[in-house]
Amino acid sequence: MGVGHFMQINSMLHFNNYDDEEGIAKDSLHKIRPLLQIIKKTLGQYATFGNEFSFDEATMACFSHYARGLLCFNPQKPTRKFHFKIYMLCCAITNLVVRIRIHTKDKSDMDYQLEDLEKEEVSKTDRLTSEMCAVLEGSDAVVNMDNYYMSITAAINLKRKGILCRGTIRVNRKL
């Protein structure tokens, strides 16, 4: 089955070959990968954005045992401690999503190349920040982040790419 085709089986919509056991084993998002790639490719192409952006995550509670490869556990949540996590870069003026990434345990939704960051000792959070903000490279846009994503290393890496950032840095953050 080619990309762009879909079929309906037992009232469930599939966007990929559901018989591909190897693809399913390697990729938690295998069944929706073609749709997700189209969304990522076209996201933000047909809109005009401002100069202010916001980077954060959104979570959605989930009780399904079918989504084990996608679920995160957060013991600090008062209820529904298992949830999906989606990272989003949004325009602060138009509220439109510019870039998304779905958190997976197998890291199958990491579709980026960060050769310069691989050489340095950079935390996973700083790599995620660089990945998500890469679409703004050279734009002198301002990215607002909370203290979880903001660090001195992230600020330096974004500045090298022509991206400004704003946020609070934790005092106890490892450098």
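The values are calculated or read from the model by the stated rules, or taken from the named source; none is laboratory data. The shown structure was predicted, so the numbers you read here are calculated from the model rather than taken from an experiment. All Cβ positions, even for glycine, are placed from backbone atoms using ideal geometry, and neighbour counts span all protein chains on display.
Looking only at segment 128-144, which residues are out of contact with any strand residue (DSSP E or B) (no Cβ under 8 Å at 6 or more places or on another chain) and not in a helix (DSSP H, G or I)? Once the filter is applied, which keeps residues that are out of contact with any strand residue (DSSP E or B) (no Cβ under 8 Å at 6 or more places or on another chain) and not in a helix (DSSP H, G or I), segment 128-144 yields Glu137, Gly138, Ser139.
Could you tell me whether Gly69 is touching a Ser or Thr at 6+ places or on another chain (Cβ under 6 Å) and assigned to a loop (DSSP other than H, G, I, E, B)? In short, yes.
Out of the residues in segment 53-66 meeting the condition of being in contact (Cβ under 8 Å) with a residue 24 or more places away in the chain and either not charged (D, E, K, R) or not assigned by TED's automatic domain parsing to the domain that holds Cys133 (or both), tell me which one is farthest from Thr94 (Cα to Cα). Break it down into steps so the answer makes sense when it comes.
Just the residues of segment 53-66 that are in contact (Cβ under 8 Å) with a residue 24 or more places away in the chain, to begin with: 53-60.
In the following step, the residues that additionally are either not charged (D, E, K, R) or not assigned by TED's automatic domain parsing to the domain that holds Cys133 (or both) were identified as 53-55, 58-60.
Working: Phe53: 10, Ser54: 11, Phe55: 14, Ala58: 18, Thr59: 21, Met60: 23 Å.
Here the answer is Met60.
Scanning segment 72-95 for residues that are surrounded by 15 or more Cβ atoms within 10 Å (Cβ to Cβ) and either in a loop (DSSP other than H, G, I, E, B) or not aliphatic (A, V, I, L, M) (or both) yields Cys72, Phe82, His83, Phe84, Lys85, Tyr87, Cys90, Cys91, Ala92.
Taken together, the residues in segment 145-172 that are surrounded by 21 or more Cβ atoms within 10 Å (Cβ to Cβ) and assigned to a loop (DSSP other than H, G, I, E, B) amount to 4.
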